[in-house]
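Right, one structure below, let's go through it.
Computed from the coordinates by the stated procedures, all read-outs in this text should not be read as laboratory data. For clarity, every value in this text was computed on a predicted model and none was experimentally measured. Using ideal geometry, Cβ is built from the backbone for each residue, glycine included, and neighbour counts are taken over all protein chains shown.
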Amino acid sequence: SGDIFRSRPVMVNDLTTTHHHLCHLESTLPYKLSKLKALATADDDLVLPAQDFSQQAHVPSFEKYLEMYKRSIEDPAGFWSEIASEFYWKKKWGQEVYSENLDITKGKINIEWFKGGITNICYNCLDKNINSGNGEKIAIHWEGNEPGVDGFLTYNQLLDRVCQLANCLKDNGVKKGDSVIIYLPMLMELPIAMLACARIGAVHSVVFAGFSAESLVQRIMDCKPKIVITCNAVRRGKKVINLKDIVDAALAESSQNGISVGLCLTYANESAMKKEATKWQKGRDVWWQDVVSEYSTKCDVEWVDAEDPLFLLYTSGSTGKPKGVLHTTGGYMIYTATTFKYAFDHKPSDIYWCTADCGWITGHSYVAYGPLLNGATVVVYEGAPNYPDPGRCWDIVDKYKVTLFYTAPTLVRSLMRDGNEYVTRYSRKSLRVLGSVGEPINPSAWRWFFNVVGDSRCPISDTWWQTETGGFMITPLPGAWPQKPGSATFPFFGVQPVIVDEKGKELEGECSGYLCIKSSWPGAFRTLYGDHERYETTYFSAFPGYYFSGDGCSRDNDGYHWLTGRVDDVINVSGHRIGTAEVESALVLHPQCAEAAVVGVEHEVKGQCIYAFVTPNEGVAYSEDLRKSLVVSVRTHIGAFAAPDKIHWAPGLPKTRSGKIMRRILRKIASRQLDELGDTSTLADPNVVDQLIALADK
Ligand code: WT7
């Protein structure tokens, strides 16, 4: 399977003697840049920053980084409060900049930053930038699915639109602390809706518009929103997706379950569907365009405590029930703003485009909040990245003169397969920094991204982080140090990654194990909504004293970090996090499915794909129709992005005598590594394995 799949540590032999691990803050540098330069020609796995890039960068050298990093670890309160002081606070935080307990053996897990500080993130994104003279700067360039369809909003215009919606929400009874579900595609109305909630202290819960009605119901039942904001339909590529139908189904089911949502505010996206064609429930459904513009463009902000909740975002874990990750206001604000500024080397003249959807954390932190807090100009793209052809991204880059381009390895690999011609026919000379997120980027995709897309000029920020972390945790700072293709490199300011073994022992130097974080950082999530116990057991009990990420990681002799993927029952499909248990529950809900077991298998473009072993009910024959309807079951229970790529018929599943499914064996069968099945003697019925192998391509 080539190099694609996990990147491996690359050692730079000569450095081992001078190396000291930087997390331990030795006074000696891990290496000297001059020495690395000498090595660069000998070992092309080091990609050095161009001198002119480094000279203009926020962090121009590794020395500067170390100085800042050291301060951030030795004096987190001083480091972060200095940065926080650059933002607007109605009232400054109390004496303690932060307080934390990450040790479950010492009591309740608790993280607080800037407690007592009174602020508002919407004010800091919009009013603050306007007050400093940037009102006429473009905040959002919006590019529609169809080439030629576009629009923009200046910071002034964005504030007006946000205030109108905020007033409308208030008028409909939304108060501080209430939740609002937003089920919208990448229209400008999506960040507008997020900001409007933030302005009035409401807690937004954006649900990615690719989730099914049932997933939406689950989230509605959990957070009981006052209002759902959606649109009638959207075009993605050649497809039209009728979102309102999905919302209608979800609202009907929720109200049967006792949760009635009184208002469904629907944006009429007439490029995808006419108003007249939209199904309508009088009394509950209201067209956005009919009401919102009637409201004043002035709306006072609701000042909130730094620790008041900002948003909920559901993510997958190792059980069937999605987790409502809760982020609060102050720490998240400071953290997303700071990570954005440094990891992309953002300057006021930059034009920034992140291809992620606001339905995921990447869109929250790095389409909306982080960039707007920096007064950036952001491109928001509605459509599919390869529509009408695989050159669309570079067409958009040239059209808006994008300087910072942030995307996922899956898109890089897919465009790489389409051929260089689609890239090289565009200039791309505006590009300055490239970014990657979602999964480890394999070295060959990294090199293609670097050499072909970035013309070997643009550093790549391979940012490792998670929904839970709020912002970047391990990431290159462009220009500050040499890169190694496939490595997320070093920790961001204030972040102390540790790699531990099964027993929780911290490993030193060159090592490989479970990635944990010691101490809190401002952007950390504070709880799982309504289930603080699950928060504690999932993240803080495996290795007491640390936050456990769920990822494996190795560190090489130069201190570079290499993420190796999830170590739990979560699979990463095109950068989307999917719990195997969720897919299994969706499969067994099918009336003809007796049992199912799902594993992730390497996939050339998606990184991993979903491979399902299914045992139909007694007497039910294997058929193409059954296979199709099983896939439909997953689409309706979760969403199309979670549809299994392969259904493998299983007369039985390999189980231990105590009934536990041995996924290790299923993974080997799924990836056809049949000579690596290992010990099957502990299985209750070892014959199951031969049966499965016989059915592999049936
Ligand atoms: C999981 C988090 C954070 C935004 C997107 C996904 C994987 C993410 C990287 C990277 C290696 C990465 C991890 C992580 N991941 N970025 N640069 N290198 N792995 O957010 O849905 O919360 O998923 O994505 O496995 O745990 P998410």
*Please check which bits of the stretch 320-363 a label hung off K399 would reach, taking the label as a point 7 Å along Cα-to-C-beta and the cut-off as backbone N under 19 Å.*
351-358
*How long is the gain from L48 to R664 if the chain were fully straight, where each residue apart is worth 0.36 nm and the alpha carbon distance is subtracted?*
217.8 nm
*Virtual spin-label span in nm between K505 and K106, 7 Å along Cα→Cβ*: 2.3 nm
_If I model a spin label at Q56 and Y622 as a point 7 Å from the Cα along the Cα→Cβ vector, what separation in nanometres do I get?_
6.0 nm
*Do you know the Lys pair count in the stretch 567-698 for C-alpha distances under 19 Å, with sequence separation 8 or more or different chains?*
9
*the chain: percent of C-alpha pairs farther apart than 44 Å?*
21 percent
_Set K115/K176; K108/K224; K175/K224 screened for pairs whose C-alpha atoms are more than 23 Å apart_ = K108/K224
*Extent of the stretch 617-698 along each principal axis, from alpha carbon coordinates, in Å, largest to smallest?*
38, 29, 26
*Shape metrics for the stretch 268-391, restricted to C-alpha atoms - Rg then Dmax, Å*: 18.5, 50
*Can you put L184, L674, L263 in order of Cβ neighbours within 10 angstrom, beginning with the fewest?*
L674, L263, L184
*Which of the residue pairs K64/K401; K279/K323; K137/K429; K64/K91; K90/K401; K226/K282 have a Cα-Cα distance greater than 26 Å in the structure shown?*
K64/K401; K279/K323; K64/K91; K90/K401
*Determine which lysines satisfy two conditions relative to K275: a Cα distance under 23 Å, and not lying fewer than 8 residues away in the same chain.*
K238, K239, K244
*Which of C553, C609, C122, C299 has the fewest Cβ neighbours within 10 Å, and the rest in rising order*: C609, C299, C553, C122
*Say a paramagnetic label sat at a point 7 Å from the Cα of N420, along Cα to Cβ; which residues of the stretch 435-473 have their backbone N under 20 Å from it?*
442-460
*asked:* If you average the C-alpha positions of the stretch 214-270 and of the stretch 397-474 separately, how far apart do those two centres end up, in angstrom?
replied: 33 Å
*Please give the contour-minus-distance gain from D568 to E86: 0.36 nm per residue of separation, less the Cα-Cα distance, rounded to one decimal in nm.*
169.6 nm
_Exposure proxy ranking, count of Cβ atoms within 10 Å, fewest first, for T338, T154, T319_ = T319, T154, T338
_Starting from the 7 Å offset along Cα-to-Cβ, what nm value, one decimal, do you get for the label separation of K698 and K279?_
4.0 nm
_In the stretch 81-115, whose amide N lies under 11 Å from the spot 7 Å out along Cα-to-Cβ of H532? List them in ranges._
108-111
*Just tell me which aspartates and glutamates come within less than 17 Å, Cα to Cα, of K503; anything on the same chain fewer than 8 places away is out.*
D103, D551, D568
_Please report the net charge: other residues with Cβ closer than 14 Å to the Cβ of G383, K and R +1, D and E -1._
-1
_At 1.306 mPa s and 10 °C, Stokes diffusion of the stretch 319-377 via Kirkwood alpha-carbon radius, µm² per second_ = 129 µm²/s
*In µm²/s, what is D for the stretch 235-340 at 4 °C and 1.567 mPa s, where D = kT/(6 pi eta Rh) by Stokes-Einstein and Rh is the Kirkwood radius from Cα pairs?*
73 µm²/s
*Mind checking the full-extension length gain between K238 and T297? Use 0.36 nm per residue of separation minus the Cα-Cα distance, one decimal, nm.*
17.6 nm
